[in-house]
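Peer 1: Got a structure for you, questions after.
The values are calculated or read from the model by the stated rules, or taken from the named source; none is laboratory data. Small disclaimer: the values here were computed from a predicted structure and weren't measured. Reconstructed Cβ throughout: ideal geometry from the backbone, glycine too, with neighbour counts over all protein chains shown.
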Amino acid sequence: MLAGGDSLEDLKGLHISSLDGEKEQQNADDDLNGYEDADDEYDDKELEFVTLGFVEEPKSRWALLRQLFPSKAGGVPAWLDPINLPSGNSCLCDICGEPLQFLLQVYAPISEKEFTFHRMLYVFLCPSMTCLLQDQHEQWKRGPEKPSRSVKVFRCQLSLINSFYSSEPPRCDGSDKALGTEAPLCTWCGAWKGDKVCSSCRSARYCSEKHQVMHWRSGHKVECAQIAVSSLSYEPSLPNGASLVNMRKVASKSIWPEFAIIIEDECEFDREVSNADNHANLLVSREQMDETVESLLHNFEGNDERKSWATFQECVAKAPEQVLRYCRNAGSGDSEPLWPASSGRLSKADIPRCGYCGGAMCFEFQILPQLLYYFRVKNDVDSLDWATIVVYTCAASCEASLAYKEEFAWVQHSS
Amino acid sequence: MAERGGERGRFGRGFGGRGGGGPRGDRGRGRRRPGRREEEEKWVPVTKLGRLVKDGKIKSLEQIYLHSLPIKEHQIVDTLVGPSLKDEVMKIMPVQKQTRAGQRTRFKAFVVVGDGNGHVGLGVKCSKEVATAIRGSIILAKLSVIPVRRGYWGNKIGKPHTVPCKVTGKCGSVTVRMVPAPRGAGIVAARVPKKVLQFAGIEDVFTSSRGSTKTLGNFVKATFDCLLKTYGFLTPDFWRENSFRKSPFQEYTDFLAKPIGKMLTLPEDTERIEA
């Protein structure tokens, strides 16, 4: 950075050793060009192939069931492996202990490997902003003990031949049925396994005591007695709960509205060379303002924060409704996420290693804040807000004994 | 490209599959919009402040200035100031960087925006293409819009036309002093600050500067600092006690409206039964 505002002529004679040190040939021009380095990287990396996700109302009631391998946001998760669901502490926010809420899931198969023919990534987070702010500190921790996160990502993968789905592609006309049984889900949140049963009516299931209490207070107290009476006459809840699943109604009012995620490639949105009409009326002051403007330039380029937001806006402007950016390049040079803010970025060196195979992790996709707009999240002081959530996954997409493996999520806040 | 799709048959390609004509067809309607016009009008806010502005809860930029909230989306300024915000590209300058394969030229665009009515901003952006640089610098300029206070020289007739009082701004060794001027005096200043003052909407002003004004970067920054101070100067109009107002995030919360605690402890009155 410049020391004070010396004039350009003075600087041409001086050779101030900058803090970076290695740039030997720094002369006055480099003050101006120094700022270009940040832009450089951005301009050159535009050639990556990015897939965008947009949210849309689901076309039909059955379009988002698990047998159709959907990508969706909000609502309840469509678990790929319906039996071996995450359980225990992985369902809970490590900071406040509440069960996590489903944010979105992404169907991202990898065609090269056989055991990743079906591959789903699920993102859960705690809807409390205080937890998210605490999580900001936790996500930096790399120690031997596990950090306490409030954002969790799960990966599940299956090969083409498996016990849950037929090897035939789904017909997508409403007649597809899921094979096999499913673990019962919590009646309040619809996300986690419902291990605990309501002792009086024996039909309502819960993942945790907290949800049982919430459901009880918001109406189950009344209907519990009714269910208990009517269930004495005939056999109640079916073992695989297929009919309930089709309805997909959950008791909680605070889960986010359900959307389907539509996939489009970013290159489709590139505009044709934008009109150069602006050219005509620009150079109002062509007179010698070179020195003027040169020194103006580096004073008014705005601080880093603004510049990164402006760059982000330009990139997003091609398709302003996007909520997801997917770009996975395992092995052939890692791709970089698009960072909205300048602070709170994760550099490549700081990406942790996979907890199961010890291999490297790579960037897979990022979630953009437009999603909050579609979810109609309130705008109070303490309501949920982020700049971006970046998900890193195992580059080898390793197989482990666990059906749902945890991956790494990084949250960046707008300061 | 095609064989990838072939392996999966009619299974959805999911994210990460490249190209493919089939899946695109049945997944969703084509998202190609007819013209650029539609795309530009559709703004999906990215920040909390943007969402409040889009909902219409915030009516003017002054509410944002009052609480010193950072503006991160230029559409906020567009929506609140409206079409009167004009931009002008002052200069495009090619800058070069020496690479092994010759010189790599990029363009730096310098834009000033203002509505001629108390708001002005400056932006600079460098890019490989001129159009991209101009677009980027307009965005940056809109993000840096500041309010300017105007007042009268003498009789309070008509609209305010000059600075309200003598103000001075300093940056580096340059100090710029702006003095109220009578109508018709025009902007008495050097060329570049004159441009900025025109966009700010000041019609008459006398300026006086000291220090090394050859360093025009500092010179213009001092002018900007001066303009910022117009609202910082305590004049007798502000003597009246002002109560603190709630920040826009607190003002528009529905949270305060309902006593949520009550709803949980009285289950009798909530009949929210979900099948």
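Peer 1: Identify all residues within the stretch B:60-95 that are farther than 18 Å from residue B:250 by Cβ, aliphatic (A, V, I, L, M) and in a helix (DSSP H, G or I); write none if there are none.
Peer 2: B:61, B:76, B:77, B:80, B:81
Peer 1: May I pose another question? What single numbered condition from (1) part of a loop (DSSP other than H, G, I, E, B); (2) modelled with pLDDT under 75 fails to hold for residue B:264?
Peer 2: (1) is the only condition that residue B:264 fails.
Peer 1: Now a separate question. Quick one: in the stretch A:395-411, of everything that is modelled with pLDDT under 90 and over 18 Å from residue A:105 (Cβ atoms), which residue is surrounded by the fewest Cβ atoms within 10 Å (Cβ to Cβ)?
Peer 2: Going through the qualifying residues, I end up with A:401.
Peer 1: Quick test of your reading of the structure: residue A:352 fulfils all but one of (1) in contact with a strand residue (DSSP E or B) (Cβ under 8 Å, 6 or more places away or on another chain); (2) farther than 23 Å from residue A:404 by Cβ; (3) at pLDDT 85 or above. Name the failing condition by number.
Peer 2: (2)
Peer 1: Taking the stretch A:340-388, which residues are more than 13 Å from chain B (Cβ to nearest Cβ) and among the hydrophobic types (A, V, I, L, M, F, W, C)? Walk me through how you get there before you give the answer.
Peer 2: Residues of the stretch A:340-388 more than 13 Å from chain B (Cβ to nearest Cβ): A:344-361.
Across the stretch A:340-388, the qualifying residues are A:346, A:349, A:351, A:354, A:357, A:360, A:361.
Peer 1: Right, another one. Consider the stretch A:95-117. How many of its residues are among the aliphatic types (A, V, I, L, M) and either exposed (fewer than 14 other Cβ atoms within 10 Å of the Cβ) or away from every other protein chain (no Cβ under 13 Å) (or both)?
Peer 2: Adding up the residues that qualify gives 3.
Peer 1: Kindly indicate whether residue B:89 is surrounded by 14 or more Cβ atoms within 10 Å (Cβ to Cβ), modelled with pLDDT under 85 and within 10 Å of chain A (Cβ to nearest Cβ).
Peer 2: So residue B:89 passes the test.
Peer 1: What single numbered condition from (1) in a helix (DSSP H, G or I); (2) among the small types (Gly, Ala, Ser); (3) under 17 Å from residue A:260 (Cβ atoms) fails to hold for residue A:90?
Peer 2: Exception for residue A:90: condition (3).
Peer 1: Read through the list (1) under 28 Å from residue A:379 (Cα atoms); (2) surrounded by 23 or more Cβ atoms within 10 Å (Cβ to Cβ); (3) without any contact (Cβ under 8 Å) to a residue 60 or more places away in the chain, then give the number of the only condition that residue A:120 fails.
Peer 2: Result: residue A:120 fails condition (1) only.
Peer 1: Output yes when any residue across the stretch B:180-191 is surrounded by fewer than 24 Cβ atoms within 10 Å (Cβ to Cβ) and part of a helix (DSSP H, G or I), and no when none is.
Peer 2: yes
Listed here are the residues, each with its yes/no results for (1) in contact (Cβ under 8 Å) with a residue 24 or more places away in the chain; (2) within 23 Å of residue B:151 (Cα to Cα).
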{"position": "B:85", "(1), (2)": "yes, yes"}
{"position": "B:93", "(1), (2)": "no, no"}
{"position": "B:97", "(1), (2)": "no, no"}
{"position": "B:111", "(1), (2)": "yes, no"}
{"position": "B:119", "(1), (2)": "yes, yes"}
{"position": "B:128", "(1), (2)": "no, no"}
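Peer 1: Here is a check on your reading of the model: is residue B:146 in contact (Cβ under 8 Å) with a residue 40 or more places away in the chain, more than 9 Å from every other protein chain (Cβ to nearest Cβ) and in contact with a Gly (Cβ under 8 Å, 6 or more places away or on another chain)?
Peer 2: Answer is yes for this residue.
Peer 1: Next up: Restricting attention to the stretch A:149-187, which residues are within 14 Å of another protein chain (Cβ to nearest Cβ), closer than 30 Å to residue A:128 by Cβ and in a loop (DSSP other than H, G, I, E, B)?
Peer 2: A:186, A:187
Table: residues versus (1) modelled with pLDDT of 85 or more; (2) of a type outside the set (Gly, Ala, Ser); (3) assigned to a helix (DSSP H, G or I).
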residue: A:12; (1), (2), (3): no, yes, yes
residue: A:19; (1), (2), (3): no, yes, no
residue: A:53; (1), (2), (3): yes, no, no
residue: A:61; (1), (2), (3): no, yes, no
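Peer 1: Let me ask another. Check residue A:181 against each of (1) without any contact (Cβ under 8 Å) to a residue 24 or more places away in the chain; (2) over 29 Å from the mean Cα position of the chain (by Cα); (3) surrounded by fewer than 17 Cβ atoms within 10 Å (Cβ to Cβ) and name the one condition it does not meet.
Peer 2: For residue A:181, the exception is condition (1).
Peer 1: For residue B:201, only one of the following conditions fails: (1) within 25 Å of the chain's Cα centre (by Cα); (2) more than 14 Å from every other protein chain (Cβ to nearest Cβ); (3) touching a residue at least 12 places away in the same chain (Cβ under 8 Å); (4) over 30 Å from residue A:313 (Cα atoms). What is its number?
Peer 2: With (1) within 25 Å of the chain's Cα centre (by Cα); (2) more than 14 Å from every other protein chain (Cβ to nearest Cβ); (3) touching a residue at least 12 places away in the same chain (Cβ under 8 Å); (4) over 30 Å from residue A:313 (Cα atoms) applied to residue B:201, the lone miss is (4).
Peer 1: Within the stretch B:96-110, work out how many residues are among the basic types (Lys, Arg), more than 8 Å from chain A (Cβ to nearest Cβ) and outside any loop (DSSP other than H, G, I, E, B).
Peer 2: The first filter runs over the stretch B:96-110 and keeps only residues among the basic types (Lys, Arg), leaving B:97, B:100, B:104, B:106, B:108.
Adding the requirement that they be more than 8 Å from chain A (Cβ to nearest Cβ) leaves B:100, B:104.
Then drop every residue that is not outside any loop (DSSP other than H, G, I, E, B), which leaves B:104.
Matching residues across the stretch B:96-110 total 1.
Peer 1: Still on this structure: Answer yes or no: is there a residue in the stretch B:123-131 that is of a type in the set (D, E, K, R), more than 14 Å from chain A (Cβ to nearest Cβ) and out of contact with any Gly (no Cβ under 8 Å at 6 or more places or on another chain).
Peer 2: No: the stretch B:123-131 contains no residue that is of a type in the set (D, E, K, R), more than 14 Å from chain A (Cβ to nearest Cβ) and out of contact with any Gly (no Cβ under 8 Å at 6 or more places or on another chain).
Peer 1: Quick one: count up the residues across the stretch A:365-386 that are among the acidic types (Asp, Glu) and buried (at least 23 other Cβ atoms within 10 Å of the Cβ).
Peer 2: Number of matching residues: 0.
Peer 1: Let me ask another. Please find, within the stretch A:188-220, the residue that is farthest from residue A:152 (Cα to Cα) out of those that are surrounded by fewer than 17 Cβ atoms within 10 Å (Cβ to Cβ) and away from chain B (no Cβ under 14 Å).
Peer 2: Result: A:200.
Peer 1: Looking only at the stretch A:148-178, how many residues end up being within 30 Å of residue A:197 (Cβ to Cβ) and without any contact (Cβ under 8 Å) to a residue 24 or more places away in the chain?
Peer 2: Number satisfying all stated conditions: 1.
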